[in-house]
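The structure appears below as structure tokens.
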């Protein structure tokens, strides 16, 4: 999860896009592991260990782009930095080869021409911007849970650099 100032900027942008396109509001985040059936206690232990091993870090948005996927409709993409690679390997090693770090900015299907224009606008604002990540959250979320009901149920601060 982004540090508070960056999180506030991303949250404001999600709100702006939600209002513009009538899409759901959500807390912006960079997913390290998707849906899992692992018990909360096990996830908390794994997150605590990963957070202890990896210091807080800053990395740049490489590009803002979109796709047809509901949860990747419009997003800020990041390179796989050493810190992101370490976190992914610690929390979801099986998913490492397909890891595409990003922070979604809009969920859902919207009119393609308007979306492309918005992506170009936001890319001009954000490409190259540095974002600081300082904690890992465990979130009750998933395709079978309404977005409005997603909640952070545990978190751990990344180690001080």
Task: Choice from 92, 134, 144 with maximal GNM fluctuation in the chain (Cα, 10 Å cutoff) - done: 144
Task: Efficiency of FRET between residue 8 and residue 38 - r from beta-carbon atoms, R0 22 angstrom, step 0.05 - done: 0.15
Open item on the list: Using only Cα atoms and rounding to the nearest 10 degrees, what angle (0 to 90) does helix 82-91 make with the longest principal axis of the chain?
Closed with: 70 degrees
- [ ] With a point put 7 Å past each Cα toward its Cβ, work out how far residue 60 is from residue 127 in nm, to one decimal.
- [x] 1.2 nm
- [ ] Could you calculate the FRET efficiency of residue 99 with residue 147 from 1/(1 + (r/R0)^6), where r is the beta carbon distance between them and R0 is 22 Å, rounded to 0.05?
- [x] 0.45
Open item on the list: Only bridges whose two residues both fall in the chain count here: according to DSSP, what percent of them are antiparallel, nearest 5?
Closed with: 95 percent
TODO: Express the relative contact order of the chain as a whole percentage, based on alpha carbon pairs under 8 Å and six or more residues apart in sequence.
DONE: 34 percent
Task: Solution diffusion estimate, µm²/s, Stokes-Einstein, the chain, Kirkwood Rh from C-alpha pairs, 20 °C, viscosity 1.002 mPa s - done: 132 µm²/s
TODO: Pick out which of 50, 69, 118 has the largest mean-square fluctuation in a Gaussian network model of the chain, springs linking Cα atoms closer than 10 Å.
DONE: 69
Task: Euclidean distance of C-alpha centroids, segment 1-38 and segment 114-161, integer Å - done: 4 Å
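Since every read-out is calculated from the coordinates, none of them should be taken as a lab result. Worth saying up front: this structure is predicted, and the values here are computed from it rather than measured. Ideal geometry is used to build each Cβ from the backbone, glycine not excepted, and the neighbour counts take in all protein chains shown.
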